[in-house]
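Here's a structure for you.
The values are calculated or read from the model by the stated rules, or taken from the named source; none is laboratory data. Only a predicted model underlies this, so the values are computations on that prediction, with no experimental measurement involved. Quick reminder, even Gly has a Cβ in these numbers, built from the backbone with ideal geometry, and neighbours come from all protein chains shown.
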Amino acid sequence: MKNQKNFFKTGILSFLLLGGLLAYGATSNNRNIATKISREEAVKIAKKNTPNGQLKKVKLENTKRGPVYDIELWEGNTNTKKEYKIDANTGQIFRAKTDIDDDELNPAIANTKISVEQAKSIAKKQAPNATFKSIELERKKGKLVYKVDLIEGNTKKEYKIDAETGEILDFEID
């Protein structure tokens, strides 16, 4: 009888452990995807097609096609966003999309004291070994706020930075 209880407990613990590992694998970020093209090379490819583009987002995704970079650029001083899907092994653009975004502000046309590069720098000082993922300028409670996402190891770090003062208003780790 005692052996049956131990066997039952071991079975339940094994099941829970396996479930936890599967859940972690399903939600972990694709930071360890093998690619032949670096993030920097993928950004250069996108910028060749939008020479006056300002980097908004770089994301590496594992898709049915294989590894793909999803890159978004602001086009010059407009609220036009260019999105490129780039094969991370060949460097070929297989999707290009243009979108006029009325919900999000282009930092190039917003009148802010803190630039995009300054906001990135403020966040990077907090996590010097992190890689830039994305930046957005949003209006929150009447205030212009940069949302800067960085990746450090398997951790996503999000900083909300006041676009007028450079003060870090909020910080989250995922």
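Search the stretch 57-102 for residues being outside any strand (DSSP E or B) and at pLDDT 90 or above, and hand back the single one that is surrounded by the fewest Cβ atoms within 10 Å (Cβ to Cβ).
Of all residues in the stretch 57-102, those outside any strand (DSSP E or B) come to 64-65, 76-79, 88-92, 101-102.
If we keep only those that are at pLDDT 90 or above too, we end up with 64, 88-92.
On the way: K64: 5, A88: 25, N89: 14, T90: 11, G91: 16, Q92: 11.
Within the stretch 57-102, the match that is surrounded by the fewest Cβ atoms within 10 Å (Cβ to Cβ) is K64.
Sticking with this structure for a sec: State whether the residues of the stretch 152-159 include one that is acidic (D, E) and buried (at least 20 other Cβ atoms within 10 Å of the Cβ). Break it down into steps so the answer makes sense when it comes.
If we filter the stretch 152-159 for residues that are acidic (D, E), which is where we start, we get 152, 158.
Filter again for buried (at least 20 other Cβ atoms within 10 Å of the Cβ), leaving none.
For the stretch 152-159, residues acidic (D, E) and buried (at least 20 other Cβ atoms within 10 Å of the Cβ): absent.
Now for a different question. Can you find, within the stretch 118-142, the residue that is nearest to D70 (Cα to Cα) among those that are among the charged types (D, E, K, R) and in contact (Cβ under 8 Å) with a residue 24 or more places away in the chain? Break it down stepwise before answering.
Quick first cut of the stretch 118-142, residues among the charged types (D, E, K, R) only: 120, 124-125, 133, 136, 138-141.
Within this subset, residues satisfying the condition of being in contact (Cβ under 8 Å) with a residue 24 or more places away in the chain are 120, 124, 133, 136, 138-139.
Values: K120: 19, K124: 22, K133: 11, E136: 15, E138: 21, R139: 25 Å.
Applying the filter and picking the extreme gives K133.
Right, something else. Can you tell me how many residues within the stretch 34-80 are more than 16 Å from the chain's Cα centre (by Cα) and under 19 Å from V116 (Cα atoms)?
13
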